[in-house]
Amino acid sequence: MRKIAVVEGDGIGHEVIPVARSVLEMLHPEFDFFPVEVGYGMWERTGCPCADKEIRELKGADAILFGAITTPPMKDYQSVVLRIRKALDLYANLRPVPGNGFDIMIVRENTEGLYSGIEEAGPDRATTLRVVSRHGTERIVRAAIRLARERSGLLTIGHKANVIKSDVFFRDICLAEAKAAGIPYNDKFIDALSLDLLQHPKNYNVVVTTNMFGDILSDVASYLVGGLGLVPSANIGDQYALFEPVHGSAPDIAGKNIANPIAAIRSAVMLLDYLGDKAGAVRAETAIETVLAQGIRTRDLGGSAGTQEFGNAVLKVLRQQM
Ligand code: NAD
Ligand code: IPM
Ligand code: MN
């Protein structure tokens with residue numbers, strides 16, 4: 001039996017993750033779901049946002065469904081999301097943005113770069129070490145190459161090698177790997193790439209880049225398909241996998257039943273795909289499309305349906321198919 005850890009997290013995580021979980025439950029009543037609490041809420045209650053115990057629990061799952069965590073505005077708070085990504089070595093962050101006539105997959109390095117955690121802040125200067133390792137670069141570009149092959153698509157390497165030495169290093173390793181793999185590839189400066197992706201999305205398929213650039217690029221790319229409420233992600237390592245929307249805990253709309261649950265449901269779709277249930281993944285994605293075609297939309301897409309109403313409409317479509 002598959003064990004699925006469910007982390008609602010904070011903010012709208014409490015609203016969109018239950019919807020995504022219901023979709024999984026309907027398709028797989030045999031899954032063993034267990035909750036794991038981490039995040040800001042837990043920190044407020046216990047003084048600790050995520051302990052070794054929770055990391056152990058997450059490691060016990062076959063896959064993790066994750067909401068979002070609110071990062072508190074204080075010194076010396078270690079991001080729970082980053083801690084989990086590092087502890088589980090979830091090095092590949094896959095952020096698909098499929099749209100009308102294009103199908104983009106952002107492959108974001110997920111363990112190093114500007115997120116190395118090697119930093120210090122003094123009274124007059126703060127520094128963060130941007131770490132780009134050969135090992136980290138090889139494994140992310142190889143993951144991107146596998147995807148480009150599967151999708152018969154172009155691989156684009158996003159970097160800032162005109163300025164940053166660690167990006168020269170990243171670009172050169174990526175170029176060498178792509179060349180050796182014999183796949184079509186090109187490379188672009190990340191600033192120009194960000195605009196070109198919006199202007200000519202059809203020219204892109206797989207885009208591989210470093211951690212922070214991938215973070216920014218994925219929020220930007222969501223503009224192509226209707227915003228953050230729609231885009232999911234998979235955080236994949238060699239042993240563990242975690243699925244979460246690209247968006248955060250959205251405190252501005254939390255608790256109002258207006259958040260779009262599509263990104264969370266699509267994260268569940270990626271989870272099903274990862275666990276080998278391709279048919280279930282297609283069914284859930286098709287159910288989302290059907291509900292949208294019925295004109296049922298949340299506020300961010302110009303509609304008036306609530307989070308739960310949208311979720312119920314998806315469940316209804318799935319139930320009718322059974
Ligand atoms: P955010 O993604 O939470 O929200 C940005 C904007 O998009 C907000 O206006 C929000 O209302 C809107 N939005 C986001 N998701 C939506 C949805 N499903 N439906 C409709 N509208 C949606 O980013 P933020 O406001 O910059 O960050 C809020 C908090 O979330 C911060 O503490 C941040 O650190 C955290 N965060 C966590 C994660 C994560 O845990 N994976 C990811 C990103 C941000
Ligand atoms: C994301 C988020 C996280 C990141 C934060 C909350 C640590 O923005 O998953 O995109 O920067 O990776
Ligand atoms: Mn982000």
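Each of Leu27, Ala144, Ala305 was placed along the dipole of the chain (beta-carbon charges, centred on the mean Cα), and the one lying farthest toward the positive end is Ala144.
State whether region 200-292 is rounded, prolate or oblate according to the following rule on the C-alpha gyration tensor (a ≥ b ≥ c being the square roots of its eigenvalues): a/c under 1.5 gives rounded; otherwise a/b larger than b/c gives prolate, and the remaining case gives oblate. Each step should come with its number before you reach the end.
Values: a/c = 1.28, a/b = 1.01, b/c = 1.27.
It is rounded, given that a/c, with a ≥ b ≥ c, falls under 1.5.
Take the Cα of Ala279, step 7 Å toward its Cβ, do the same at Val220, and the gap between the two points is 4.2 nm.
With the highest mean first, a sort of the peptides 104-114, 187-197 on other beta-carbon atoms found within 10 angstrom per residue produces 104-114, 187-197.
Under the simplified labelling scheme, the Ala121-Asp196 pair shows an inter-label distance of 3.6 nm, with each label point 7 Å from Cα along Cα→Cβ.
Averaging the Cα positions of each part gives two centres, and for region 268-322 and region 101-163 these lie 31 Å apart.
Can you put Met42, Met26 in order of Cβ neighbours within 10 angstrom, beginning with the fewest? Fewest to most other Cβ atoms nearby, the residues stand as Met26, Met42. May I ask which of Lys160/Lys188; Lys278/Lys316; Lys53/Lys86; Lys59/Lys86; Lys3/Lys59 have a Cα-Cα span longer than 18 Å here? Exceeds cut-off: Lys278/Lys316. Model label points for Arg142 and Leu154, set 7 angstrom from Cα along the Cα-to-Cβ axis, are 2.7 nm apart. Could you give me D for the chain, from Stokes-Einstein at 10 °C and 1.306 mPa s, where the hydrodynamic radius is the Kirkwood radius over C-alpha pairs? Units µm² s⁻¹, please. For these conditions, the coefficient is 79 µm²/s.
Mind running the shape call on region 1-100? Use the C-alpha gyration tensor, a ≥ b ≥ c as the square roots of the eigenvalues: rounded below 1.5 for a/c, prolate if a/b tops b/c, oblate otherwise. Prolate.
Just so you know, all these numbers are worked out from the coordinates, no wet-lab data involved. Everything numeric here is computed off the predicted structure, so don't read it as measured data. Cβ: placed from backbone, ideal geometry, glycine included. Neighbour counts: every protein chain shown.
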